[in-house]
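K.L.:
Next up is a structure, given as structure tokens.
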Amino acid sequence: MELSEQIRQVFSYADQHQEEHINRLREAVAIRSVSQQKEFRNETIRVVNHFKTILESLGATCQLRELGNEDFPDGTKAPLPPVLLGQLGSDTNKRTVCVYGHLDVQPALKEDGWNTEPFELIEKDGKLFGRGSTDDKGPVLAWINMIDSFKKCSIPIPVNLKFVFEGMEEAGSIGLHQLIKSLKSTFLKDVDYICISDSYWLGLSRPCITYGLRGNVYFYVEVECAKKDLHSGVYGGAVHEAMTDLVYLLSKLTDEKNGRIAIPGVMDQVRPFTNEERTLLESLDFDECEYREEIGTDKLRFGDKVNILAHRWRFPCLSIHGIEGAFFGPGSKTVIPQKVIGKFSIRLVPDQDPDDIAAKVIKYLNDEFAKLHSPNKFKVIKMKGSRPWLGDTNDTNYNAAKLAIKNVYGTEPDMTREGGSIPVTLTFQEVTGKSVLLLPIGSADDGAHSQNEKINRKNYIDGCKVFAAYLYFISIL
Ligand SMILES: C[C@H](N)C(=O)N[C@@H](Cc1c[nH]cn1)C(=O)O
Ligand SMILES: [Zn+2]
Ligand SMILES: [Zn+2]
């Protein structure tokens with residue numbers, strides 16, 4: 001099925017106005033909307049207002065929905081950024097597509113190993129470097145560039161659009177689930193399809209459609225041994241050190257030889273791996289060597305494509321992220337930290353449930369701590385949880401996306417799952433009863449959450465075309 005001449009005009013406009021579209025990304029990247037750090041909360045609020053102004057300038061009607069405060073473990077509070085709801089078009093003869101995206105980003109400091117300032121968009125060799133360039137400000141702006149291109153060409157957008165843009169996704173989408181539920185019979189009532197662009201291609205050149213996400217459950221393990229940090233020459237040998245207890249506990253989370261999760265019962269709800277899944281994974285265009293090189297490692301846990309992809313997407317994994325309170329700077333400080341907080345999370349797959357997994361983790365760590373007979377204060381806290389999601393790939397939403405990709409890239413997309421989490425995806429599906437599609441535009445090597453995050457100029461500009469073509473096919477299928 002071919003595109004109309006009008007959609008081709010929109011494509012030409014996007015090609016000819018690349019610099020304007022890149023400037024939009026430059027402005028957005030410059031807003032330090034780091035949702036996990038309280039000190040940037042004003043910036044997460046500012047970014048939502050920034051996108052409201054852009055949407056309104058394109059003719060959308062917008063409203064901000066307040067979500068109240070975030071409560072922190074230390075008893076403090078901070079206001080949550082509002083959620084931006086937008087609407088463009090209300091023609092009852094057209095279908096309505098709801099686009100979700102997030103405007104917050106992961107933390108980033110130049111000292112983490114960035115080659116450039118993370119909150120300054122810098123182009124080098126066709127790559128646009130900057131925090132949020134691919135996750136998720138770039139893809140959200142590709143939707144906006146698409147609208148701008150239709151408007152400037154005076155071509156009607158073939159569907160009605162609704163937007164749900166939030167500023168807390170990287171911090172677990174606090175409060176958003178309740179809001180989505182409350183919008184069921186109002187804002188979301190007439191939505192026919194939902195589309196999210198917040199995942200990545202499997203490789204560097206072949207586009208994908210994503211139909212599955214892992215969930216996530218995040219834990220803090222606190223151990224406290226003293227009322228202040230201690231000199232290890234003066235107190236070492238006399239105290240039960242908090243760090244020693246914590247390192248022991250963290251070492252008990254996975255099996256030391258193969259890295260499997262060692263918490264009893266955690267694997268019970270994982271669906272069996274079928275031959276059909278194996279065949280699907282075998283068919284995908286994925287280069288193990290390219291993946292290994294991108295990571296910068298000589299050896300992965302598995303040497304073959306099927307196992308690598310299965311363990312990225314459809315089996316759970318446990319990652320230890322850091323230790324708050326531990327000495328980490330250069331030099332050889334001889335300190336015994338007073339209190340340390342180990343941070344780890346487990347990515348979840350169907351049919352695991354975050355609350356059930358949390359209960360198992362908390363019991364296990366309490367049992368292991370009891371074995372130490374330590375006098376230290378000990379606490380395990382479940383911080384946030386999100387459920388895994390699987391979509392149905394054989395409906396108009398997915399067919400429109402497949403045709404859009406075929407028309408923009410001249411190739412069929414790979415059908416992939418994603419190992420990351422977008423907490424609100426399943427909530428959208430359950431509340432609306434409508435199809436949710438993940439339509440990534442970024443490449444596998446974009447480095448979301450990592451140093452030197454980027455989006456390729458070509459992916460950013462072509463993303464706008466994919467979205468235009470997708471809406472066209474939604475309107476005619
Ligand atoms: C896939 C998406 N772009 C993403 O990066 N999601 C985050 C969301 C998150 C943060 N904490 C828990 N979930 C992710 O998968 O880490
Ligand atoms: Zn992210
Ligand atoms: Zn994201």
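The values are calculated or read from the model by the stated rules, or taken from the named source; none is laboratory data. None of these values were measured; they are calculated from a predicted model. Cβ coordinates were reconstructed from backbone atoms using ideal geometry, including for glycine residues, and neighbour counts include every protein chain displayed. What goes into the accessible areas is simple: the full protein's heavy atoms, side chains included, and nothing from ligands, DNA or RNA. Shrake-Rupley method; radii C 1.70, N 1.55, O 1.52, S 1.80 Å.
K.L.:
Look at Lys189 and say whether it is open to solvent by 10 Å² or more (accessible area, probe 1.4 Å), away from ligand 3 (no atom under 16 Å from the Cβ) and closer than 28 Å to Phe219 by Cα.
P.N.:
Criteria not met by Lys189.
K.L.:
Residue under question is Leu439, and the condition is that it be buried (at least 17 other Cβ atoms within 10 Å of the Cβ), out of contact with any Ser or Thr (no Cβ under 8 Å at 6 or more places or on another chain) and in the same structural domain as Asp135 (by TED's automatic domain parsing); does it hold?
P.N.:
No.
K.L.:
Confirm whether Thr411 is at pLDDT 95 or above and either open to solvent by less than 30 Å² (accessible area, probe 1.4 Å) or among the acidic types (Asp, Glu) (or both).
P.N.:
no
K.L.:
Identify the single condition in (1) among the charged types (D, E, K, R); (2) within 14 Å of ligand 1 (Cβ to nearest atom); (3) open to solvent by less than 30 Å² (accessible area, probe 1.4 Å) that Arg417 does not satisfy, given that it satisfies every other one.
P.N.:
Every listed condition holds for Arg417 apart from (3).
K.L.:
Identify all residues within segment 245-288 that are among the polar types (S, T, N, Q), open to solvent by 70 Å² or more (accessible area, probe 1.4 Å) and either on the phi > 0 side of the Ramachandran plot or touching a residue at least 12 places away in the same chain (Cβ under 8 Å) (or both); write none if there are none.
P.N.:
Gln269
K.L.:
Before we move on, is Gly331 under 26 Å from Leu230 (Cα atoms), at pLDDT 95 or above, touching a strand residue (DSSP E or B) at 6+ places or on another chain (Cβ under 9 Å) and not in a helix (DSSP H, G or I)?
P.N.:
For Gly331, the condition - under 26 Å from Leu230 (Cα atoms), at pLDDT 95 or above, touching a strand residue (DSSP E or B) at 6+ places or on another chain (Cβ under 9 Å) and not in a helix (DSSP H, G or I) - is not met.
K.L.:
Moving to a separate point now. So Ile180 ticks every box in (1) assigned by TED's automatic domain parsing to the domain that holds Asp395; (2) open to solvent by less than 30 Å² (accessible area, probe 1.4 Å); (3) out of contact with any helix residue (DSSP H, G or I) (no Cβ under 9 Å at 6 or more places or on another chain) but one. Which box is left unticked?
P.N.:
(3)
K.L.:
Right, Thr96: under 22 Å from Gln18 (Cα atoms) and among the hydroxyl-bearing types (Ser, Thr, Tyr) or not?
P.N.:
No: the conditions fail for Thr96.
Matching residues to (1) assigned to a loop (DSSP other than H, G, I, E, B); (2) assigned by TED's automatic domain parsing to the domain that holds Leu55; (3) open to solvent by less than 40 Å² (accessible area, probe 1.4 Å); (4) within 16 Å of ligand 3 (Cβ to nearest atom):
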position: Val99; (1), (2), (3), (4): no, yes, yes, yes
position: Glu111; (1), (2), (3), (4): no, yes, no, no
position: Thr116; (1), (2), (3), (4): yes, yes, yes, no
position: Arg131; (1), (2), (3), (4): yes, yes, yes, yes
position: Thr134; (1), (2), (3), (4): yes, yes, yes, yes
position: Ile144; (1), (2), (3), (4): no, yes, yes, no
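K.L.:
Just one of (1) outside any strand (DSSP E or B); (2) open to solvent by 70 Å² or more (accessible area, probe 1.4 Å); (3) closer than 26 Å to Asp15 by Cα trips up Glu123, so point out which.
P.N.:
(1)
K.L.:
Let me ask you something else. Is there a residue being crowded, with 18+ Cβ neighbours inside 10 Å, part of a loop (DSSP other than H, G, I, E, B) and in contact with a strand residue (DSSP E or B) (Cβ under 6 Å, 6 or more places away or on another chain) anywhere in segment 337-344?
P.N.:
Scanning segment 337-344, I find no residue that is crowded, with 18+ Cβ neighbours inside 10 Å, part of a loop (DSSP other than H, G, I, E, B) and in contact with a strand residue (DSSP E or B) (Cβ under 6 Å, 6 or more places away or on another chain), so the answer is no.
K.L.:
What strands (runs of 3 or more DSSP E) lie completely within segment 14-87 and have 1 or more residues being open to solvent by less than 50 Å² (accessible area, probe 1.4 Å) and in contact with a Phe, Trp or Tyr (Cβ under 9 Å, 6 or more places away or on another chain)?
P.N.:
By residue number, 61-65, 77-79.
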